[in-house]
Amino acid sequence: MKKYLLLLIILLGFLCSCSVLSDSGIAIVPTVDIEKTVHWMVDDAVMAASTQLVYEMRKEISTLIPPTYTPTSTYVVPAEMTATMTSIWTGQRQNVMTEVTVTPENCINRVKFVEDITIPDETVVAAGKPFTKTWKLKNVGSCVWTEDYSFEFVDGDRMDANERIAFPRDSMVLPNQTIDISVYMTAPEKSGKYQGNWKIRTPWGSQFGTGDNGENSVWVKINVR
């Protein structure tokens, strides 16, 4: 802007110095549209300044715009699952609920026995008497247990129970959460000690239980008299 004002002053001085004398001795100044000249120079200066200003503003703004943010889940989506889950919190900073498609990838299924809700070990049960065994189990793996999981008889004494017990409908047992699983059984007619061993079955047919490698079963033990 200062450069253009300086040029304007030089131009006006030049115009003044270019006056000539007429035959009568009167100074004649060439006819110049000063107003248009001034407007042209001012407009040109403003345009140049505006262009520079826009450039500088864009440069500054570009440094303020953060890089593209891709939100990530606060919880690693479990593996060995293809079911679609809903109502999963996907961020701590935003209370947004979204649908998550869970796919098998590096998920570990493990269970920990917490306590016997009913029928502790060595409970005495009358011969032929129905009873319900309930375990409290904890998810200590990285998978989410859904209704597609089940509780499956492994070996020992089944005691007229179903071989496979489906998890409750709409189950969603996240890691470090617990679930109560109940199995309806009937005590054998003969007196003696009986034990049935059970594990959890994934939707893909594999079984897992307690222990570091999930090799141990949970059980029910009764004394029939």
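General remarks:
- Dipole magnitude of segment 109-215 about its Cα centre (Cβ charges: Lys, Arg +1; Asp, Glu -1), debye to nearest 20: 60 debye
- Annotation note: chymotrypsin sites (Phe, Trp or Tyr not before Pro) in segment 118-220 located in DSSP loop regions with a Cβ neighbour count of at most 15 within 10 Å are Trp204.
- Checked against a 18 Å cut-off, the cross-linked pairs Lys136/Lys199; Lys129/Lys190; Lys129/Lys199; Lys136/Lys193; Lys112/Lys193; Lys136/Lys190 give Cα-Cα distances beyond that limit for Lys129/Lys199; Lys136/Lys193; Lys112/Lys193; Lys136/Lys190.
- Contour excess over end-to-end distance, with Cα ends at Tyr184 and Asn106 and 0.36 nm allotted per residue: 24.7 nm
Read-outs throughout are calculated quantities, based only on the coordinates presented, and are distinct from any laboratory measurement. Predicted model, so just to flag it, every value in this text is computed and none were measured. For neighbour counting, all protein chains shown are included, and Cβ atoms are generated from backbone atoms with ideal geometry for every residue, glycine included.
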